[in-house]
1. Once Lys and Arg get +1 and Asp and Glu get -1 on their Cβ, which of GLY71, ALA102, LEU88 lies farthest toward the positive end of the dipole of the stretch 1-109?
2. For the stretch 3-59, which GluC sites (Glu not before Pro) are in a loop by DSSP, counting at most 13 other Cβ atoms within 10 Å?
3. With each pseudo-label sitting 7 Å past Cα toward Cβ, what's the ALA16-SER44 distance in nm, one decimal?
4. Taking the stretch 75-159, which trypsin sites (Lys or Arg not before Pro) meet the DSSP loop condition and have no more than 15 other C-beta atoms within 10 Å?
5. Give the cross-link partners of LYS48 among the lysines, using a straight C-alpha distance below 20 Å as the criterion and excluding same-chain residues fewer than 8 apart.
6. Do any chymotrypsin sites (Phe, Trp or Tyr not before Pro) in the stretch 127-165 lie in a loop, going by DSSP, with at most 15 other beta-carbon atoms within 10 Å of their beta carbon, and if so which?
7. State to the nearest 20 debye the size of the charge dipole of the chain about its Cα centre, where the only charges are +1 on K and R beta carbons and -1 on D and E beta carbons.
8. Over the stretch 1-129, what is the relative contact order in whole percent, taking alpha-carbon pairs under 8 Å and six or more residues apart?
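The values are calculated or read from the model by the stated rules, or taken from the named source; none is laboratory data. Remember, it's a predicted structure, so these values are computed and weren't measured experimentally. No Cβ is skipped: glycine too gets one built from the backbone with ideal geometry, and neighbour counts run over all protein chains shown. With ligands, DNA and RNA removed, areas are computed over all heavy atoms of the protein, side chains included. Shrake-Rupley method; radii C 1.70, N 1.55, O 1.52, S 1.80 Å.
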Amino acid sequence: MNLTQEINNFKAEFSANQPESIKAMMAQATTDLINTKIAEQSLSKGQKVPNFSLPNAVSKEITLDSLLAKGALVITFYRGGWCPYCNLELRALEQALPEIEARGATLVAISPETPDNSLTTQEKNKLSFEVLSDRGNLLAKQFGLVFTLPESLRPIYDNFGIDISAYNGDSTFELPLPATYVVAADGTVVYSFAHADYTQRLNPTEIITVLDRINNNLTSQQKV
């Protein structure tokens, strides 16, 4: 079963167990966010990735330069370990990691969670790639991905047992759109995916396809 199928199955199960009023409020919030065109205005193909240095799950600073020194880079932004769609995506990426690394690329995941909560997310999903903490969404803002969770949804999240402020260590209720970027070794974005509907995620098979294309282009250039 691929990521898209897993997400669709979870959506159906979730929908079957929620009152119509809750589903309507959540759907309206998603529609409102889509209408802001935030995804269309975010970092895209051909642009350079902003430089960064972020702590990993054990508070070691990881820099963009150190990641790009290894070759191509896959960056995925996720909302937090409290998000079931994010966890499905992270686990799918872990399954695809050998194929990603076999193509000479490095994978990192970034969220506004505190390092301690990032560690929990990493351990819960048994992730072997770096999970970085973007406190205050400072990097995500440079990517153009950040929005504020509507007040209408906050009591719903509370009822789900999701304390965004505790996870992120602040009271802004700011979150990134789920987004994935494939970045060439020179820091240029060669593929971007960002969606205002948090249930929409990039299937890892697409990442593999893009990495193959990068490597094929490099091979062609070397032959010239």
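1. The residue sitting most towards the positive pole is GLY71.
2. Taking the stretch 3-59 and a limit of 13 other Cβ atoms within 10 Å, the loop GluC sites (Glu not before Pro) found are GLU40.
3. 3.9 nm
4. LYS126
5. Excluding near neighbours in sequence, the set is LYS70, LYS141.
6. Within the stretch 127-165, the qualifying chymotrypsin sites (Phe, Trp or Tyr not before Pro) (loop, at most 15 other Cβ atoms within 10 Å) are PHE160.
7. Using Cβ point charges on Lys, Arg, Asp and Glu, the chain gives about 540 debye.
8. Relative contact order here is 26 percent.
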